[in-house]
Amino acid sequence: MPNRLYRSRTDRWLGGVCGGIAEHFNIDPTIVRLAFGLLVLLVGTGIIAYLIGWIVIPLKPLVDRDYSSQSYPPPPP
């Protein structure tokens with residue numbers, strides 16, 4: 001199952017967008033935050049991109065629903 005993009009619940013300053021992108025690509029969140037900051041200062045699109053990400057990217061679920069590594073069957077829906 002592919003790694004899904006979620007907003008971070010733990011590594012967040014405002015909405016968790018930069019932390020979620022950093023978790024997805026397995027990089028330091030400071031690099032992603034600096035990239036968004038440069039987009040804001042140089043191009044002006046960083047704020048719009050962050051707001052779109054905040055709306056479109058879902059928040060990471062509290063419970064991981066991947067039952068493939070467990071030896072018992074998942075509960076019925």
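The values are calculated or read from the model by the stated rules, or taken from the named source; none is laboratory data. Treat the numbers as computed from the prediction; the structure is a model and nothing was measured. Ideal geometry is used to build each Cβ from the backbone, glycine not excepted, and the neighbour counts take in all protein chains shown. Ligands, DNA and RNA are stripped out before the accessible areas are found, and what is left, the full protein with its side chains, is counted by its heavy atoms. Shrake-Rupley method; radii C 1.70, N 1.55, O 1.52, S 1.80 Å.
Look at region 22-44 and say how many of its residues are within 20 Å of residue 60 (Cβ to Cβ) and hydrophobic (A, V, I, L, M, F, W, C).
In the first step, residues of region 22-44 are kept if they are within 20 Å of residue 60 (Cβ to Cβ); the result is 22-33, 36.
From what's left, hydrophobic (A, V, I, L, M, F, W, C): 22, 25, 27, 31-32, 36.
Qualifying residue count, region 22-44: 6.
Taking the residues in region 24-43 that are in a helix (DSSP H, G or I) and open to solvent by 80 Å² or more (accessible area, probe 1.4 Å) as candidates, determine which candidate is nearest to residue 7 (Cα to Cα). First the steps, then the outcome.
If we filter region 24-43 for residues that are in a helix (DSSP H, G or I), which is where we start, we get 24-25, 29-43.
Still in the running and open to solvent by 80 Å² or more (accessible area, probe 1.4 Å): 25, 31, 34, 38, 41-43.
Details: 25: 12, 31: 16, 34: 17, 38: 20, 41: 23, 42: 25, 43: 24 Å.
Per the criteria, the residue is 25.
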